[in-house]
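See structure below.
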Amino acid sequence: MFIILFSFFSNIGFGQTTILTAPGASYNDSDGPTGPDIYSVDISCCSSVSFSFDYAFSLPWEGDGNMEYCDEISSSGQPSCFTTGSLCACDPSTPLAGSCNGCWDFLWAQFFLDGSNVGSELIGDSGTTNAEQVGTITSGPLCTNGATNASMEFVTQTWASEETASFFNIAIICWQAVPSVVTNDPICGSENLTLDGSACDNGDVVSWQWTNTGTGVINNPAGQNTFATGAQNGEMYTLTTTDINGCSDTETVSVVVNPGPTTVPGVTLTECDEGGGSATFDLTSANAAVSGGVGTVAWFTDLAGTIPAVPATSFSATNGTIVYAQVTFAGCSALEPVTLIVDPLITVNAGPDQSSCGNATVSLAATTTPVGTPILWTTPGDGTFGNPNSPITGYVPGLGDIAAGFVVLTITPTGGGSCVGPPDQLTITIGDPPTADAGGPYT
């Protein structure tokens with residue numbers, strides 16, 4: 001047995017490539033079967049192949065004294081091959097059976113894909129003529145259907161010194177349309193899935209066709225390169241290529257689609273006005289709220305997520321500023337806007353301390369920020385307010401206040417909000433009321 005393994009490529013024109021060439025061999029007076037001579041080559045890139053070789057015999061076939069085909073009749077009217085009492089059965093797999101032994105001349109070529117016979121040619125079979133003394137044999141194009149190896153096997157048989165069988169110019173031709181697929185997976189959530197197709201030789205492909213098993217929508221199913229929207233995790237995408245011979249091959253990939261992180265909308269952060277309408281925020285205090293406690297969070301000032309909000313733990317902003325929380329989980333990220341609220345600081349000012357005499361009404365003129373903030377006046381004494389809920393009101397000292405000589409009044413903001421300032425106080429010093437002395441006694 002003679003085996004040759006080839007990996008030789010040469011382009012012989014648009015749409016096909018010669019992947020194997022070999023000079024072949026000649027056998028003279030072999031006195032039985034030769035070989036087999038085997039020529040093999042990898043065809044993992046081939047969607048279709050064609051086999052070819054040239055052959056020649058040293059003598060013609062017809063007439064006595066030439067090459068003897070299996071059931072040839074001599075000029076005497078008797079079988080040429082009749083040496084054992086049984087005729088030659090013309091079966092090259094048993095070339096020495098019966099009267100084939102010592103007589104039958106032939107060349108037998110077989111063609112294989114992954115070891116399966118896909119064709120053969122027998123020269124020297126029944127009815128061979130002089131037209132078959134020399135010639136060229138071609139088999140194909142044949143669809144490879146996923147096969148990765150092609151081979152040709154040759155067996156010859158001759159029985160006389162002047163008889164030679166030759167096979168030469170052996171070639172296997174390939175159309176290299178087997179596809180490959182590249183995607184951008186793993187992808188995140190609703191991200192587009194890119195589908196890039198190629199073949200061992202794109203020029204051998206006459207059509208491209210994309211299909212899938214799930215709900216993803218392929219933008220251009222007939223394009224070499226395209227994309228899909230709405231791809232599902234585990235979905236199968238298949239690229240089918242077809243060559244000029246009508247032979248197709250496929251490549252299938254399963255894609256990974258990770259779920260996008262879950263973000264919580266509507267999150268806000270509130271801080272009190274530190275002056276000038278601005279406040280300092282710890283953005284990281286909202287991490288759990290905006291992410292639901294899953295994944296990591298980074299903060300940005302732009303929707304594209306390119307400008308970091310720094311420092312995130314002490315970020316200065318005015319009322320209504322929007323920052324963006326980028327939540328990342330399982331390699332996927334999503335941005336969620338967060339609004340920063342600067343609450344005005346509610347303050348009260350009771351006004352300056354005052355002096356009064358007796359139970360005379362003391363006028364109070366407190367101020368609030370903002371104006372209109374609800375307040376409450378209180379006293380530890382026994383006096384009374386004209387309106388304890390009005391910044392501007394009056395206070396009448398009671399007998400206990402007068403006896404003590406002073407009273408401390410407190411104004412407290414009672415309005416809602418998170419930024420309520422402390423109470424404020426003023427002191428009223430109370431003197432004795434004036435008395436009148438008429439002199440006397442008078443009579």
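The values are calculated or read from the model by the stated rules, or taken from the named source; none is laboratory data. Everything quoted here is computed from the prediction, not taken from an experiment. All Cβ positions, glycine included, derive from the backbone under ideal geometry; neighbour counts span all protein chains shown.
List of remarks:
- Scanning segment 44-83 for residues that are in a strand (DSSP E or B) and within 30 Å of SER248 (Cβ to Cβ) gives SER48, VAL49, SER50, PHE51, SER52, PHE53.
- Any hit, segment 169-183, residues being more than 30 Å from THR242 (Cβ to Cβ) and aromatic (Phe, Trp, Tyr): no
- Scanning segment 360-383 for residues that are surrounded by fewer than 18 Cβ atoms within 10 Å (Cβ to Cβ) and either not in a strand (DSSP E or B) or not aliphatic (A, V, I, L, M) (or both) turns up ALA360, THR361, SER363, THR367, THR369, PRO370, VAL371, GLY372, PRO374, THR378, PRO380, ASP382.
- The single condition among (1) surrounded by 17 or more Cβ atoms within 10 Å (Cβ to Cβ); (2) under 29 Å from CYS46 (Cβ atoms); (3) not polar (S, T, N, Q) that GLY146 does not satisfy is (1).
- Residue check for SER80: free of Cβ contacts under 8 Å to residues at least 40 places away in the same chain, buried (at least 16 other Cβ atoms within 10 Å of the Cβ) and farther than 26 Å from GLY246 by Cα: yes
- If you go through segment 384-399 and pick out every residue that is surrounded by 13 or more Cβ atoms within 10 Å (Cβ to Cβ) and over 22 Å from LEU345 (Cβ atoms), you end up with 10.
- All told, GLY293 meets the bar of being small (Gly, Ala, Ser), part of a loop (DSSP other than H, G, I, E, B), surrounded by fewer than 19 Cβ atoms within 10 Å (Cβ to Cβ) and out of contact with any Leu (no Cβ under 9 Å at 6 or more places or on another chain).
- Checking each residue of segment 342-359 against the condition of being more than 30 Å from ASP282 (Cβ to Cβ), β-branched (Val, Ile, Thr), part of a strand (DSSP E or B) and in contact with a strand residue (DSSP E or B) (Cβ under 8 Å, 6 or more places away or on another chain) gives no match.
- Picking from residues in segment 96-136 that are within 24 Å of ILE43 (Cβ to Cβ) and β-branched (Val, Ile, Thr), the one that is surrounded by the fewest Cβ atoms within 10 Å (Cβ to Cβ) is THR136.
- Total residues in segment 151-172 satisfying the condition of being surrounded by fewer than 22 Cβ atoms within 10 Å (Cβ to Cβ) and either in the same structural domain as ILE218 (by TED's automatic domain parsing) or of a type outside the set (A, V, I, L, M) (or both): the figure is 9.
- Residues in segment 327-339 that are within 22 Å of GLU271 (Cα to Cα) and surrounded by fewer than 22 Cβ atoms within 10 Å (Cβ to Cβ): 3 in all.
- TYR324 meets the stated requirement of being in contact with a Gly (Cβ under 8 Å, 6 or more places away or on another chain), surrounded by 19 or more Cβ atoms within 10 Å (Cβ to Cβ), within 30 Å of SER285 (Cα to Cα) and without any contact (Cβ under 8 Å) to a residue 40 or more places away in the chain.
- Residues being part of a strand (DSSP E or B) and modelled with pLDDT of 95 or more - total across segment 179-223: 22
- Residue in segment 238-252 that is farther than 24 Å from VAL182 by Cβ and polar (S, T, N, Q) present: yes
- Cβ separations smaller than 6 Å between residues 6+ apart or across chains give the following pairs from segment 16-27 residues that are at negative phi to residues that are of a type outside the set (A, V, I, L, M, F, W, C) and surrounded by fewer than 16 Cβ atoms within 10 Å (Cβ to Cβ): THR17/ASN11; THR18/SER10.
- Tally, over segment 254-277, of residues that are assigned to a strand (DSSP E or B) and either out of contact with any Ser or Thr (no Cβ under 7 Å at 6 or more places or on another chain) or buried (at least 16 other Cβ atoms within 10 Å of the Cβ) (or both): 6
- Pairs are defined by a Cβ separation below 8 Å, a sequence spacing of at least 6 or placement on different chains, a first member in segment 41-54 that is touching a residue at least 40 places away in the same chain (Cβ under 8 Å), and a second member that is in a strand (DSSP E or B) and of a type in the set (Asp, Glu); the pairs so defined are SER47/ASP243; SER47/ASP249; SER48/ASP243.
- Restricting segment 193-239 to residues that are crowded, with 20+ Cβ neighbours inside 10 Å and among the charged types (D, E, K, R), the residue that is nearest to VAL255 (Cα to Cα) is GLU235.
- Residue check, PHE281 touching an Asp or Glu at 6+ places or on another chain (Cβ under 6 Å) and outside the structural domain of GLY421 (by TED's automatic domain parsing): yes
- Count of segment 307-321 residues which are part of a strand (DSSP E or B), surrounded by fewer than 16 Cβ atoms within 10 Å (Cβ to Cβ) and in contact (Cβ under 8 Å) with a residue 12 or more places away in the chain: 2
- All positions within segment 185-209 that are within 16 Å of the chain's Cα centre (by Cα) and under 17 Å from THR238 (Cβ atoms): ASP185, LEU193, THR194, LEU195, ASP196, GLY197
- Residues considered: GLN209, GLN232. Of these, the only one that is out of contact with any Cys (no Cβ under 8 Å at 6 or more places or on another chain) and within 30 Å of CYS46 (Cβ to Cβ) is GLN209.
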